[in-house]
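Asker: My structure is below; once you've seen it, I'll send some questions.
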Amino acid sequence: MSTPPLSGAGMAGAAGAAGGFPGPPAAAAAAATREVNTASLCRIGQETVQDIVFRTMEIFQLLRNMQLPNGVTYHMGTYQDRLGKLQEHLRQLSILFRKLRLVYDKCNENCAGLEPVSVEQLIPYIEDDYWKNEERGPASQLRYATEERREILEVNKKLKQKNQQLKQIMDQLRNLIWDINAMLAMRN
């Protein structure tokens, strides 16, 4: 996850040395004609945030390994080297935050004319035909309630029948077990 440099000079120098990309004037013209959409800006912003987190973790790692010069014999060269690395990471972190601010501002600018969309409109769902075709007045609510009550009564009726069948099966099993126990008792 490396961050591309913000300045065009660093990219143009490296690209010119490779010989595969055009120089600074052609690159600037190509960048001007190419329009960046909001989705790619969001992707760039996400990568920038990931780079910020990575750099911050590196800073904390450097700080954990760094010892303060508090009178203990310590190599000043090593300390200065680590301090330089820390300052470089902090400088790069500030550049990344400026880049993130630019991306944020550009995204807000691109989305300024858009109307906010409610969350309900973004969630797809299948509507029930009953509610689609009929009114929601008291008569339709009464009809819906009576249909629901009728369905509940049918389910209760079927449930009672199943309970009766289960009771009969349990009675038969109880009688069978009674008979088996009686035969075993007679055998002994």
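The values are calculated or read from the model by the stated rules, or taken from the named source; none is laboratory data. Keep in mind that this is a model prediction, so the values were computed, not measured. As a convention, Cβ positions derive from the backbone with ideal geometry for all residues, glycine included, and neighbour counts pool all protein chains shown. For the accessible areas, the whole protein counts, side chains as well, though only heavy atoms, and no ligand, DNA or RNA atoms are used. Shrake-Rupley method; radii C 1.70, N 1.55, O 1.52, S 1.80 Å.
Asker: Among the numbered criteria (1) assigned to a helix (DSSP H, G or I); (2) modelled with pLDDT under 85; (3) exposed (fewer than 14 other Cβ atoms within 10 Å of the Cβ); (4) among the charged types (D, E, K, R), which single criterion is violated by Arg82?
Answerer: Of (1) assigned to a helix (DSSP H, G or I); (2) modelled with pLDDT under 85; (3) exposed (fewer than 14 other Cβ atoms within 10 Å of the Cβ); (4) among the charged types (D, E, K, R), only one is false for Arg82: (3).
Asker: Criterion first (of a type outside the set (Val, Ile, Thr), open to solvent by 100 Å² or more (accessible area, probe 1.4 Å) and farther than 30 Å from Arg143 by Cβ) does Tyr104 satisfy it?
Answerer: yes
Asker: How about segment 118-153: which of its residues are in a loop (DSSP other than H, G, I, E, B) and at pLDDT 80 or above?
Answerer: Listed by number, the residues that qualify are Ser118, Ile123.
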